[in-house]
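Input: a single structure, listed below in structure tokens.
The values are calculated or read from the model by the stated rules, or taken from the named source; none is laboratory data. Bear in mind that the values here come from a model prediction, so they are computed numbers and not experimental data. Positions of Cβ are generated from backbone atoms using ideal geometry, with glycine treated the same way; all protein chains shown enter the neighbour counts. Surface accessibility is based on the protein's heavy atoms, side chains included, excluding ligands, DNA and RNA. Shrake-Rupley method; radii C 1.70, N 1.55, O 1.52, S 1.80 Å.
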Amino acid sequence: MRSSNPVFSRRGFSRDNGYAGFNTAAQAGYAQGNPYAQNPYATNPYAQQGTQYGAPPQAPATTDRMTMDDVVVRSALTLGTVAVGAVLAWALLPVSATSYGLAFGAAIIAMVLALVQSFKRTPAPALILGYAAFEGVFLGVISEMYNSQWNGAPFQAVLGTMAVTAATLLVYKAGWIRVTARYARVGMAIAIAFVLVMAVNLLLVAFGVAENGGLRSFGPLGAIVGIIAILLGAFFLTLDFKQIEDGIAYGAPRNESWLAAFGLTLTLVWIYVEMLRLVAIFSSND
């Protein structure tokens, strides 16, 4: 199974990338939702280091292997860069046509850096942090714009993003959601359909066929679409959590924690932007 995130689906922790048994017979167990169905020492080349004839397998050295601490540290650094960029943009770029132009340019640069990193075979911290910085500038400008119209909307959106993330993690760790191949296929089909519908809606709005933003209006229909988008963001988080968990279990190299941080940042930015719109819609209807 691949993550929804192009970062993970390229080289990250997909089961066919050659890391620690991801391309072995253990896939049969993984396809049923259990990546640990086989003997890890029979399928994990990293776990075979240091074994001797007639001796039980020794635990693999953890040096240069990704750990949860690595993921947390890199994620904090990447998200911190986004936050710093957003705060500086908010403080230094007052709402104006110029700031909107700079935000658009920053978004384009962030997208290009994200695409370059997604197609690289190895993580590049400079690209990831560069993406985070430019994404932060974009988020800072649009957050200030929303705040000027709906006072406090960015703060509420941050709280909402944190709540969605915490709730998703709780549900995932409690085992209420099992990330299986079928779960991923159904969720990705819905996500692709959603993106296609939003693309068509954007074209209709651009050509004047749909008014007031069409499906992305600030009315009840727009609220429903926003809720669906946030639920899709939560779905992406469950795939990201699963990929990180499997990467650690199978001994992915430590530098892959940068990909984990990058993927989580992409998903959290998605949720924040959708939450910001949703807060604005509800505030408009008060």
Might you check whether a residue that is surrounded by 14 or more Cβ atoms within 10 Å (Cβ to Cβ), in a helix (DSSP H, G or I) and touching an Asp or Glu at 6+ places or on another chain (Cβ under 7 Å) occurs anywhere in the stretch 90-110? yes
Please count how many residues of the stretch 139-179 are among the polar types (S, T, N, Q), open to solvent by 60 Å² or more (accessible area, probe 1.4 Å) and in a helix (DSSP H, G or I). 3
Verdict on Arg185 being of a type in the set (Lys, Arg), under 19 Å from the mean Cα position of the chain (by Cα) and not in a helix (DSSP H, G or I): no
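Just wondering, is there one or more residues in the stretch 233-241 that are open to solvent by 60 Å² or more (accessible area, probe 1.4 Å) and not polar (S, T, N, Q)? Let's see the steps before the verdict.
Taking the stretch 233-241 and keeping what is open to solvent by 60 Å² or more (accessible area, probe 1.4 Å), we get none.
There is no residue in the stretch 233-241 that is open to solvent by 60 Å² or more (accessible area, probe 1.4 Å) and not polar (S, T, N, Q).
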Looking at Thr180, Thr238 in this structure, which one is at pLDDT below 95 and over 25 Å from Ser284 (Cβ atoms)? Thr180
Considering (1) exposed (fewer than 14 other Cβ atoms within 10 Å of the Cβ); (2) of a type in the set (D, E, K, R); (3) closer than 27 Å to Leu79 by Cβ, say which one Arg182 fails and leave the rest. (3)
Filter the stretch 221-232 down to residues that are within 9 Å of Leu278 (Cα to Cα) and of a type in the set (Gly, Ala, Ser) and give me whichever is surrounded by the fewest Cβ atoms within 10 Å (Cβ to Cβ). Ala223
When Asn201 is evaluated against the numbered criteria (1) among the polar types (S, T, N, Q); (2) open to solvent by 40 Å² or more (accessible area, probe 1.4 Å); (3) farther than 27 Å from Ser75 by Cβ, which criterion, by number, is the only one it fails? (2)
Failed condition for Arg74, given (1) surrounded by 13 or more Cβ atoms within 10 Å (Cβ to Cβ); (2) at pLDDT below 95; (3) of a type in the set (D, E, K, R): (2)
Quick one: Leu232 ticks every box in (1) over 30 Å from Gly101 (Cβ atoms); (2) within 18 Å of the chain's Cα centre (by Cα); (3) at pLDDT 95 or above except a single one, so which number is it? (1)
